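For reference, the structure discussed in these notes is given below.
The values are calculated or read from the model by the stated rules, or taken from the named source; none is laboratory data. Keep in mind it's a predicted model, so treat the numbers as computed, not measured. In this analysis, Cβ positions are derived from the backbone assuming ideal geometry, glycine residues included, and neighbour counts consider all displayed protein chains. SASA here: full protein model, heavy atoms, side chains in, ligands and nucleic acids out. Shrake-Rupley method; radii C 1.70, N 1.55, O 1.52, S 1.80 Å.
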Amino acid sequence: MIKKEDAKKVLLACLETGGDFAEIFLENTIQNDLELSSGTISKSNTSHIYGAGIRILHEDQEVYGYTNDITTEGLLKLAHALSKSFDYEKLDFNFNLVEEKVENNHPVSIKATEITNDDKVKYLDEVYNEAKQYHDDISQVIATLWDHNQQVTIINSDGKMISDTRSHIRIGLRVIASKDGVMQSASDSIAGNQGFELFLNRDLKLFAKNVAESAINMLNAEEMEGQMMPVVIHNAFGGVILHEACGHALEATSVAKGISVFSGKLGEKIASDLVTAVDDGTISNAWGSANIDDEGTKTKKNVLIENGILKSYLVDKRNARTMKCDITASSRRQSYRYSPTSRMTNTFIVNGKQTFDEIIANTKYGLFAKKMGGGSVNTATGEFNFAVNEGYMIEDGKITRPVRGATLVGNGAHILKKVDMVGNNLMRGHGVCGSASGMIPADVGQPTIRVSSMTVGGRGGKK
Amino acid sequence: MMNYELLIKKAKEKNITEVEIYSQHRQGLDISLFNGKVDKYVMNDTTGIAVRGIYENQMGYVSSENLNDDNIDFIIQKLKDNARALTSKEMGVIFEGSKSYPEVKSIDESFLKINPQEKIEVLKKLEETIKGKDPRITSLGHCIYKETKIDTIIKNSKGLNIAKSDSYCYIYASAVAKDNNDVKSYGDFFITNDFNQINIDEFSDNIVNRAVGLLNASPVDSKKYPVIFENKVFAEILGAYRSMFSGESVLKKVTLLKDKLGKQMVSDKITLIDNPISTESFSQSAFDDEGVGCYKKEIISKGVLKTFLHNLKTAKALNTQSTGNGFKQNLNSPVSVQSYNLFVQKGTTSPDEMIKSVDEGLLITGVAGLHAGVNPVSGDFSLQATGYLIENRKIMRPVNLIVVAGNFLDMLNKVELIGNDLVFTNQQIGAPSIKISQLQVSGK
């Protein structure tokens, strides 16, 4: 770890040409990857991510550089090279670096560094075997275990010096079912910012059985017939709709530039009265949580939408300067290779009043999107798409036949206004979100909700 | 800087029978402009190594960016731990090198020496040009210049010691168009080794026409239509299905093409080629990341499946030869099987002639959600799309919020016309425009 006086030297070198803020981000991460497929361990890999990123701001302008030469000389060289991009009058800087202690809200009992490959393989075997034996039509099962122990130190010209450790772990399961030349796959994951006790506290067999069941159901499903219809989106990963259709457009990255569909809409109604949504990076041991964000600010719970009214954006230090508002401790990055910016953490719609059964019973005809896949959104236009990984038709208030290949498309500015039922069964699912500052762990979530009308795509046609 | 000879020596002492170091030095510059001001300016200079070695008959992998000699023991220990965990029957191979390597055109790196200020000026001119072309263009979502230089060395205990260098730069811009209450955006890139080939006016014209052209788009009725995929769009879809042609997918039983070698799988109009030394792409490679020489091969020849792509490991497991496609996705990942300049051979029809062949159909100029809406295992896709409605052989109006759906192999069976406009994406996937006789479209 760099000495205080050396860090100060580097920061001052950054500020030679009139920069008004400088920051060093140091990272030392060990990441392990295990994969079990066709009954054998087919991948076991370790990556050591090691380097530093330096950022200099002048008002709303930013320059960033990264290197893995983290000696004081290496950092000074980078600082000098970066400072050449500015040519302003040098400001008087007087700061003392004070080491802050992080309050750990995400305890780890069984550390990734203390567990052997043999122990990890036992978890993979358990989910693999359970899924494989579920049905004769299951042709392949791929189980993966990823752990990511990230140590970061953030030092800046406000005098901040703070370190934190994140322990991301995830078991991923993908089950492929095939019959008569048709293949269908289903997948799910268990993940957290936690130690390996996470897997001891979960029913891994039930988890594996559910994924296998989903693959078999889709193997025997009809192709979705494209049409406009009400859609009931189930809890947990169904929250991807909020994440994609709305969350990304609330990130300061696009709001500050005025290019988001939600730019300038604070206090306005952007969703139905039934929708209250939060982004909460503090939930203990959750996948998208951390003690501090990647600018070193203690994470917090941000209410984004309250009873349909837009309450807050997600704002980082630099964009706060343009937007003239407070930061929301939402600044994140994949690694030292990325300049940090506003991102989501754990984002979800909070519980409403209706039960799952009531929502289904009150839907005469529609699609029940039980498991959502990924999706994407154009933040300028608000247009989005989501894949439905496991779908069923709702007919006369009952879930009837399975359907596959459905895609939901729509516009983020309108979709949340069409939410006409919100359930009371909130759950979160685990995603990896890719955007300006790289791929980061993020939870999505919601109770079961109903959207009164949506375009559902599919290749099943009228016969 | 780490002493690689010392690492090899120490590994041998610890009973690692063969060992290989893959070192990658990357330098880059990344500039974004927004409203005339530099919004993002990122410089980087990093070196990392990936070490793999055979221990107890398995190939262990470790990568590290800590290149101090005192990290060597950690690397060797992890390599052994990882090798010991493996139970896979397919074993990796450390290769002594091919007898000869193809010539590739020498890389023009002159753009690396151009002053950054000049690159910023190009972006400013690009932004002004795009904004100046139509009053409905309100802003640019992106206006980016990016350059990368990568120097790779592969050195192993079998005496292989080879090096290669690659570099390229690109511009990417996306324009936001507004009209009354409607907002549309369109983005495009231009990638090259030669900075002087950047033609701002032509590049801007296309982006502006597309962004403005999509304004006031609406869905079409749900039914089957003949569909023309524009070249870049088809290349994107092909890219999402590239794993179908990988020897790894054959071993994992996750490709519909397993056991289909020599069989007519798609329309005889389709020839699919992987050519790492193609001069039509912006990047060439004389050898893959295992040191195997690269060459051109037809994966599908007139509709018949001729070969899968292989690295040393999949080739050995399937009793065939490596096709020189053992590439790493990134430094941290093991050598997998990757295409390198994968493309559909071009035909003779011009894009205009293609439009004139349609009575009622769609020209698709953009798809979204490829990571979610495409299933490379089943071949099924269901994609949000934008484009234009063609009626009576003419483009009538813009179309958005529709879903085109089908199955990739089934679609390749319904190919009616192949364009003469082959283009490569920045993912090194190429395609001409392609007309499909019929696809299911969901809209209104």
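Annotations
- Computed over chain B: relative contact order in percent, which uses C-alpha pairs under 8 Å that are six or more apart: 16
- Nearest-10 value in Å² for the accessible area of A:M228, using the 1.4 Å probe: 100
- With every protein chain in place and a 1.4 angstrom probe, the accessible-area ranking of A:T113, B:T87, largest first, reads A:T113, B:T87.
- Chains A and B together bury some 5500 Å² of accessible area, summed over both sides, with a 1.4 Å probe.
- Top positive-direction residue, dipole computed over the stretch A:104-183 with Cβ charges, set A:M161, A:V127, A:G172: A:M161
- Dipole magnitude for chain A: computed about the Cα centre from +1 point charges on Lys and Arg Cβ and -1 point charges on Asp and Glu Cβ, it is near 740 debye.
- Per-pair calculated FRET efficiency, R0 = 25 Å: A:D203 and A:S109 via Cβ, rounded to 0.05: 0.85
- Prolate/oblate/rounded call for the protein assembly as shown, Cα gyration tensor, a/c under 1.5 rounded: rounded
- Counts of other chain beta carbons within 10 angstrom of each beta carbon in peptide A:61-67 average 6.
- Shown here for the stretch A:220-290: GluC sites (Glu not before Pro) in loop regions (DSSP other than H, G, I, E, B) with at most 14 other Cβ atoms within 10 Å, namely A:E268.
- With respect to chain B, whose longest principal axis is taken over its alpha-carbon atoms, helix B:231-240 is tilted by about 40°.
- Estimated from helices alone, the mean residue ellipticity of the protein assembly as shown at 222 nm is -5500 deg cm²/dmol (sum of -39500 (n - 2.57) over DSSP H runs with n ≥ 4, per residue).
- Cross-link reach is defined here as a Cα-Cα straight distance under 20 Å, omitting same-chain residues fewer than 8 places apart; for B:K252 the lysines meeting it are A:K43, A:K132, A:K179, B:K89, B:K260, B:K306, B:K313, B:K316, B:K328.
- Against the main long axis of the alpha-carbon atoms of chain B, helix B:200-213 sits at an angle near 60°.
- Bridgeable aspartates and glutamates around A:K353 (alpha carbons under 20 Å apart, same-chain partners fewer than 8 residues away excluded): A:D273, A:E306, A:D420.
- Low-density loop cleavage sites - trypsin sites (Lys or Arg not before Pro) in the stretch A:108-141, where at most 15 other Cβ are within 10 Å (DSSP): A:K111
- Separation between Cα centres of the stretch A:179-239 and the stretch A:120-134, rounded to whole Å: 16
- Partner shielding of A:368-381 amounts to 5, given as the average count of beta-carbon atoms from other chains within 10 Å of each residue beta-carbon.
- Rolling a 1.4 Å probe over the protein chains gives B:S301 an accessible area of about 30 Å².
- In chain B, a dipole from Cβ-located charges (positive for Lys and Arg, negative for Asp and Glu) runs towards its positive end, and of B:I228, B:L251, B:N420 it is B:L251 whose Cα lies farthest in that direction.
- Taking all protein chains as shown and a probe of 1.4 angstrom, B:C294 keeps an accessible surface of around 10 Å².
- Counting only protein chain heavy atoms and rolling a 1.4 Å probe, the accessible areas of B:S88, A:S284 rank, largest first, as A:S284, B:S88.
- Heavy-atom accessible area ranking, 1.4 Å probe, most first, across A:K101, B:K155, B:K253, A:K371: A:K101, B:K253, A:K371, B:K155
- Per residue of peptide A:418-431, the mean number of Cβ atoms on other chains within 10 Å of the residue Cβ is 0.
- Between helix B:72-85 and chain B: long-axis angle, C-alpha atoms, 0 to 90°, nearest 10: 80
- Shape of chain A, Cα gyration tensor, a/c cut at 1.5: oblate
- Overall form of the stretch A:89-159 per C-alpha gyration tensor (a/c, 1.5; a/b vs b/c): prolate
- Loop-located GluC sites (Glu not before Pro) across the stretch B:6-88 with a Cβ neighbour count of 15 or fewer within 10 Å are B:E56, with loop assigned by DSSP.
- For the stretch B:160-204 and the stretch A:63-114, distance of Cα centres in Å: 32
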